[in-house]
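Notes follow once the structure below has been shown.
Here, each number is a calculation from the coordinates, and none is a lab measurement. Keep in mind it's a predicted model, so treat the numbers as computed, not measured. All Cβ positions, glycine included, derive from the backbone under ideal geometry; neighbour counts span all protein chains shown.
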Amino acid sequence: MVLSAAALLREYGASATSRVMRADRGCWCLPEADIDIPFTPGMAALIQSRLAPQSAHEAMLTARRYGGSDAEAAGIVDRAVAEEAVRSTAIEIAQAQVNKAGDTLGTIKARMYAPALATLRDTADPLG
């Protein structure tokens with residue numbers, strides 16, 4: 001499975017806090033450099049707000065396909081686990097966050113990602 005920048009947007013838009021990926025199969029990739037589609041300013045801002053600078057640089061400019069373990073090492077996903085542990089790991093992480101959910105968490109995230117959200121919400125020139 002290849003995830004695009006749009007998938008990253010959906011991941012943030014769904015208020016996901018942690019990302020779990022299967023370690024032995026599948027990949028995460030931003031293929032825009034290979035398919036001649038430049039990132040919109042909003043997508044570039046979102047990716048750069050969620051990934052470490054070195055990881056964002058490599059992922060955006062090389063269209064590298066990251067397997068689960070490499071994605072975890074690069075900070076793209078929080079956990080890379082065996083297939084049978086994906087669901088239980090995601091549930092475990094979500095359950096640990098249940099008491100933190102709500103308006104306060106939404107406000108914290110909105111403030112953490114305010115520059116990226118402002119760029120994403122720019123309707124005057126969304127394609128740059």
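Taking R0 as 25 Å, what FRET efficiency do you get between residue 108 and residue 78 from their Cβ-Cβ distance, rounded to the nearest 0.05?
Working: r = 17 Å, r/R0 = 0.70.
E(calc), rounded to 0.05, equals 0.90.
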Q) Which residues make up the longest stretch of the chain clear of trypsin sites (Lys or Arg not before Pro) that lie in a DSSP loop with no more than 11 other Cβ atoms within 10 Å, not counting the sites? A) 26-120
(Q) Taking every alpha carbon pair in the stretch 5-120, what does the distance histogram look like in 5 angstrom bins from 0, in percent? (A) 2, 11, 19, 22, 20, 15, 8, 2, 0
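For residue 57 and residue 88, what does the FRET efficiency come to when R0 = 30 Å and r is the distance between their Cβ atoms, rounded to the nearest 0.05? Before the final figure, lay out each step's value.
Working: r = 33 Å, r/R0 = 1.12.
Result of the calculation: an efficiency of 0.35.
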Q. Roughly speaking, what is the stretch gain from residue 96 to residue 35, that is 0.36 nm per residue apart minus the C-alpha to C-alpha distance, in nm to one decimal?
A. 18.1 nm
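For the stretch 57-121, report the convex hull volume of the alpha-carbon atoms normalised per residue, in Å³, without decimals. Spell out each step's value before the answer.
Working: hull volume 8.2 nm³, N = 65.
Value for the stretch 57-121: 127 Å³ per residue.
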